[in-house]
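The values are calculated or read from the model by the stated rules, or taken from the named source; none is laboratory data. All figures in this text were calculated on a predicted structure; none of them were measured in a lab. Cβ placement follows ideal geometry from the backbone for every residue including glycine, while neighbour counts extend to all protein chains displayed. Ligands, DNA and RNA are excluded from the accessible area calculation, which covers all protein heavy atoms including side chains. Shrake-Rupley method; radii C 1.70, N 1.55, O 1.52, S 1.80 Å.
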Protein chains: 2
Amino acid sequence: MAMRMNGPLAALDQWQPEGCSIAKALDVVGTKSAMLLLREAFYGTTRFDGFVRRVGITEAVAAKRLKELVEAGLLEKRPYQEPGARTRYEYVLTEKGRALLPVVVALMQWGDAYLQPGGGPLRIVSAETGEPVRVLVAPPGTASLEPEGLAVRINR
Amino acid sequence: MAMRMNGPLAALDQWQPEGCSIAKALDVVGTKSAMLLLREAFYGTTRFDGFVRRVGITEAVAAKRLKELVEAGLLEKRPYQEPGARTRYEYVLTEKGRALLPVVVALMQWGDAYLQPGGGPLRIVSAETGEPVRVLVAPPGTASLEPEGLAVRINR
DNA sequence: AGGCTGGGTTTGCTCGACGCAAGTCAGGAG
DNA sequence: CTCCTGACTTGCGTCGAGCAAACCCAGCCT
């Protein structure tokens, strides 16, 4: 049923998980708003208003969470210039943020499979072949797709 | 940088994500305690006290969260009998709960890579080959490993 | 009968997450 | 100079997450 625990780990009642990476990861992206902001970043949203409207959170929460994500190094805040407008800032994923792609896609995939009666509203496919992709646990040497190699389609 | 949005999705400022599977998934496993309880279930913990002590939460939180996870169908509460003791209950992962393995492992992997200065404390390997595994986004047809096919080792 | 033990539930509190509403500020447009 | 817009900030109230500690309860042991 569960994973095999080797060596000292086998004694579940003695060993205690310390410095667990999952716990540390959840300290950074453990809130619903943080995850949904990341979802939007993967979808290509970069501007403050876009995040607010599309995630459906208030400006206050968006400002706070975005600041935290920038401080944690998942997003980068950088100036951009639209012609005839003043300098504004946009939020773009860093390498560290992009590395969360499997987490986000795995969540969507699980929701699609177990929480959506007739399948989810969106489908993530390979940008090249158009075939749907899966998140999975694989032995080393298997190649992974990057965000750029993926496309999002409407289901049905 | 981001994923390619096809068709109507391309107009990020018009389209709004409704019924998003990620949001629904987070309604079920969006709290830190829920994720850590799942981690423990994958490690093989089944009893109430084990969850409490190893996750480091209070009994109150554990009771509440476990009940929610049972109601959501991720865990199954079933009686078991130790010789010379009365009937007790244990919590075991259902198929639906086991399907969250990629999410949990992906979080650990990300934490290992970006939040742990010298690498994480644990390593997940293939039970057969002993080689470390990765969570990744792959085209269809790639085989995935189940919890039983994995083993946990102490790093270094 | 009374106590012990594993497996919880209840109560009372704090703190963070989040929503609503209003205010602020910079700078280009008019 | 005033207005507007994008990007926040501030204040306030609510709700859920979490802790601590006490309580409950079934049943085996003596």
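For this structure, a couple of remarks:
- For A:A23, the shell of other residues with beta-carbons less than 14 Å away shows a net charge of 0, using +1 for Lys and Arg and -1 for Asp and Glu.
- Per-residue mean of C-beta atoms belonging to partner chains within 10 Å, peptide B:97-103: 6
- When +1 charges are put on Lys and Arg Cβ atoms and -1 charges on Asp and Glu Cβ atoms, the dipole computed for the protein assembly as shown relative to its Cα centre reaches about 460 debye.
- Test item: B:144-152 mean partner chain Cβ contacts at 10 Å: 5
- The packing ranking, built from the mean of other Cβ atoms within 10 Å per residue, places the peptides A:34-45, A:67-78 in the order A:34-45, A:67-78, highest first.
- Neighbourhood net charge (13 Å Cβ-Cβ; Lys/Arg +1, Asp/Glu -1) for B:A99: 0
- Largest-first principal axis extents of the Cα set of the stretch A:36-156 (Å): 45, 35, 28
- Counting, for every residue in A:54-60, the Cβ atoms of other protein chains within 10 Å of its Cβ and taking the mean gives 2.
- The Kirkwood radius of the stretch A:100-156, taken over pairs of alpha-carbon atoms, gives through the Stokes-Einstein law at 4 °C and 1.567 mPa s a diffusion coefficient of 107 µm² s⁻¹.
- With both labels modelled 7 Å from their Cα along Cα-to-Cβ, the B:T129 to B:A143 distance reads 1.0 nm.
- For the stretch A:21-99, projected area of the alpha-carbon convex hull averaged over all directions, nm²: 5.4
- Computed from the C-alpha gyration tensor, the three semi-axes of the ellipsoid equivalent to the stretch B:34-78 are 14, 12, 9 Å, from longest to shortest.
- Residues of the stretch B:18-40 whose accessible area, computed with a 1.4 Å probe over protein heavy atoms, drops by at least 40 Å² once all protein chains are present relative to their chain alone are B:S21, B:I22, B:K24, B:A25, B:L26, B:K32, B:R39.
- Bins of 20 Å, starting at 0 and running to the largest distance - Cα pair percent for the protein assembly as shown: 32, 57, 11, 1, 0
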